[in-house]
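The values are calculated or read from the model by the stated rules, or taken from the named source; none is laboratory data. Keep in mind it's a predicted model, so treat the numbers as computed, not measured. Reconstructed Cβ throughout: ideal geometry from the backbone, glycine too, with neighbour counts over all protein chains shown. Only protein heavy atoms, including side chains, enter the accessible area calculation; ligands, DNA and RNA are left aside. Shrake-Rupley method; radii C 1.70, N 1.55, O 1.52, S 1.80 Å.
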Amino acid sequence: MQVKRKMLSSSAILNIMYIPALIFFAVFIFYPFIEGIRISFTNWDGYSQQYSYVGFEKYWAMLSDKNIGTTIINTIIFGFGSTILQNILGLAYALFLDQQLRAKGLVRTIVYLPVIISSLIMGYIWYFFFQFDGGAVNDILAVFGAQPIDWLSSGPRAVWIITFVNTFQFMGVAMTIFVAGLQSIPKDYYEAASIDGANWWSKFKNITLPLLMPAITVNIVLNIIGGLKLFDVIVAMTNGGPGYASSSLSTMMYNLYFARQDAGYAAALGNVMFLFIAVVSITSLILLKRKEVKL
Amino acid sequence: MKTLKYSVLTLMGSLHLIPFYILLSMALKPSDDTSSKWIFPIDMTMDNFSNAWNQAHLSQALMNNFIITVCSVVLIVFIGALASYPLSRFPTKWNQFIYLLCISCLIVPALTILVPLYSMIVDLGGINTYWAAILTQVTFQLPLTIFLFTGFISSVPRELDEAGLIDGCNKFAIFFRIILPLLKPITATVIILTGLNVWNDYQFSIFFLQRVSVQTIPVALSQFISQFQNQISWVAAGCVIGMLPVTVLYLFLQKYFIRGLADGAVKG
């Protein structure tokens with residue numbers, strides 16, 4: 001007891017151990033974050049020394065920017081579309097691979113492989129599928145005598161294709177987390193249910209799903225954040241085009257800053273995006289945590 | 001029933017391999033072979049690889065990737081482990097606030113502060129330097145690292161610390177002599193997760209590392225494709241080279257990769 005008290009009372013000196021980390025956060029996150037708020041109230045172009053404060057002008061500009069509506073809808077599709085797809089497919093794969101099967105480890109390894117590869121490279125690989133001239137998908141259409149389609153030229157179609165690619169790349173994460181969740185469910189629950197004559201569906205609904213809630217929470221939150229900030233795949237496949245038709249908030253910000261040289265606007269958009277992602281991810285975390293049951 | 005299950009299993013495996021098959025078939029096809037990407041080349045050629053290697057400056061890019069990843073991971077592990085010890089062992093109100101502050105950085109998408117971050121790095125003269133890239137990578141990987149380390153340290157029995165104290169270790173010696181050696185398994189997880197993130201990073205690298213002498217593989221490939229858009233099989237070969245190092249590592253150490261992810265996620 002004495003030892004314990006002695007440790008806590010004079011342990012304040014150990015707090016110097018987190019100072020290096022705090023310095024990193026202060027310099028590369030907190031300071032830029034505050035700077036970003038300041039820049040969003042200016043008309044700075046990103047290069048010149050001169051700029052003036054314009055108040056909320058850049059935020060008002062967002063309301064009348066006709067590209068911003070599309071971009072926000074796209075970002076929501078990237079976020080929620082990939083989340084739904086990854087969870088359904090990941091869970092289906094995990095349930096299937098939870099059985100006694102030889103070579104299931106090999107399939108898991110294959111499904112997980114894209115996770116470790118750069119999203120940019122994954123985007124290029126799928127670009128080879130959907131490109132107009134000599135794309136792998138159009139080659140199949142040609143076999144059936146159909147006309148080739150310019151898959152990535154239409155915004156809405158491109159958005160769903162990119163969502164699919166993001167799902168393909170990261171469904172291995174969802175699968176792995178679900179497999180870990182399934183393995184943590186005690187087998188006797190199922191045995192007891194079988195004795196009571198429960199069928200597959202009622203076992204799934206009453207045992208598997210409730211006890212998987214922690215895994216579902218992790219997956220949903222991870223996937224929403226990942227989808228909402230999607231950048232690399234979009235750059236590789238369409239670069240946000242045509243126009244802004246398939247852009248996300250991230251690629252739009254990049255364009256505003258480097259191509260349109262409107263740093264003030266880009267910073268304002270960054271702040272809105274931060275707020276949006278923070279609110280969505282914290283809300284979903286709280287809502288989902290409430291649904292979790294303890295073993 | 002059994003046959004059906006194994007057919008489904010085979011189908012799943014092969015469906016997920018198709019993208020890699022297409023990529024490899026493109027990369028091995030001679031430039032005068034205009035057959036479909038689905039048809040694997042009979043006269044395979046290595047020309048695309050040597051062209052991609054030279055034109056995209058991939059040897060330099062691999063070297064840069066290696067330097068940046070190794071330096072970042074060393075700093076991440078050291079600074080992260082150091083910070084996690086007081087945060088998990090001495091949860092005073094103040095330290096809980098600091099912990100929350102660190103973890104909340106997990107939610108901040110790095111891109112949202114791109115404008116001020118970029119202009120700050122410009123002012124510091126950090127564009128096209130290793131240090132700017134390394135320091136930003138370290139910063140954005142630290143929240144995850146601190147999260148994993150603090151979770152792990154709180155599962156280490158406190159009795160060990162007390163025993164050390166009785167044996168005459170001072171407080172810092174307890175960390176370096178007793179706690180640090182016990183962190184090996186979670187350190188492996190941290191190295192894999194953060195190492196992959198840094199190795200594959202595109203969003204920072206494209207801003208901070210544009211000159212050929214410092215650019216990383218994703219940047220080299222993205223500039224390569226905009227330059228040689230009509231030489232698509234070169235790009236395919238470049239992609240194969242770019243993904244080879246991690247893929248080989250993954251195939252040898254896949255157990256650790258997958259466990260690393262499960263460790264990282266389940267504790268969330």
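Using Cβ point charges alone (K and R +1, D and E -1), the dipole size of segment B:141-268 about the Cα centre works out to roughly 160 debye. Structure remark: mean-square fluctuation, Gaussian network model of chain A, C-alpha springs under 10 Å; the largest value among A:Thr217, A:Thr109, A:Thr42 belongs to A:Thr109.
With all protein chains kept in place, the per residue accessible area of segment B:1-71 amounts to 57 square angstrom at a probe of 1.4 angstrom. Build a GNM of chain A with springs between Cα atoms under 10 Å apart, and of A:Pro20, A:Pro148, A:Pro156 the one that fluctuates most is A:Pro20. Compute the Cα gyration tensor for the protein assembly as shown, then decide on rounded, prolate or oblate, letting a ≥ b ≥ c be the square roots of its eigenvalues: rounded whenever a/c is under 1.5, prolate when a/b is larger than b/c in the other cases, and oblate in all that remain. Since a/c reaches 1.5 but b/c is at least a/b, the shape of the protein assembly as shown is classed as oblate. Using only Cα coordinates, the Kirkwood hydrodynamic radius of segment A:225-268 works out to 10.5 Å. Rg over Rh for segment B:1-140 works out to 1.17, using Cα positions for both radii and the Kirkwood form for Rh. Overall form of segment B:136-177: oblate. Here a/c, set by the Cα gyration tensor axes a ≥ b ≥ c, is 1.5 or more, and a/b is not larger than b/c. With θ taken as phi - 60° and the Karplus curve 6.51 cos²θ - 1.76 cosθ + 1.60 applied, the whole-hertz 3J(HN,Hα) list for segment B:137-154 is 4, 4, 4, 7, 9, 5, x, 4, 4, 5, 4, 5, 5, 5, x, 6, 5, 5 Hz, x standing for glycine and proline. Give the shape of segment B:126-268 as rounded, prolate or oblate, defined through the alpha-carbon gyration tensor: a ≥ b ≥ c are the square roots of its eigenvalues, a/c under 1.5 means rounded, and otherwise the shape is prolate if a/b is larger than b/c and oblate if not. Because a/c hits 1.5 or more and a/b exceeds b/c, segment B:126-268 counts as prolate. Listed by chain and number, the aspartates and glutamates whose alpha-carbon sits under 20 Å from that of A:Lys187, ignoring those within fewer than 8 places in the same chain, are A:Asp98, A:Asp196, A:Glu292.
Return the residues of segment B:1-23 for which accessible area with all protein chains present is lower than in the chain on its own by 40 Å² or more; set the probe to 1.4 Å and exclude ligands, DNA and RNA. By number: B:Lys5, B:Tyr6, B:Leu9, B:Met12, B:His16, B:Pro19, B:Phe20.
Protein heavy-atom surface of segment A:203-248, 1.4 angstrom probe: 64% of the accessible area is carbon and sulfur, with nucleic acids and ligands not counted.
Over all alpha-carbon pairs in segment A:157-283, figure out the percentage whose distance exceeds 19 Å. Roughly 63 percent, rounded to a whole number.
With Cα atoms as the point set, chain B shows a radius of gyration and Dmax of 23.0, 77 Å. Chain B and chain A together bury an accessible surface of about 8200 square angstrom, both sides counted, with a 1.4 Å probe and no ligands or nucleic acids included.
For chain A, dividing the convex hull volume of the Cα atoms by the residue count gives 228 Å³ per residue.
If you count Lys pairs in chain B whose Cα atoms are under 25 Å apart, skipping same-chain pairs closer than 8 places in sequence, the total is 8. Taking amide H as placed 1.01 Å from N in the peptide plane, the amide H of A:Thr42 sits under 5 Å from that of A:Val54, each at least 5 places away or on another chain.
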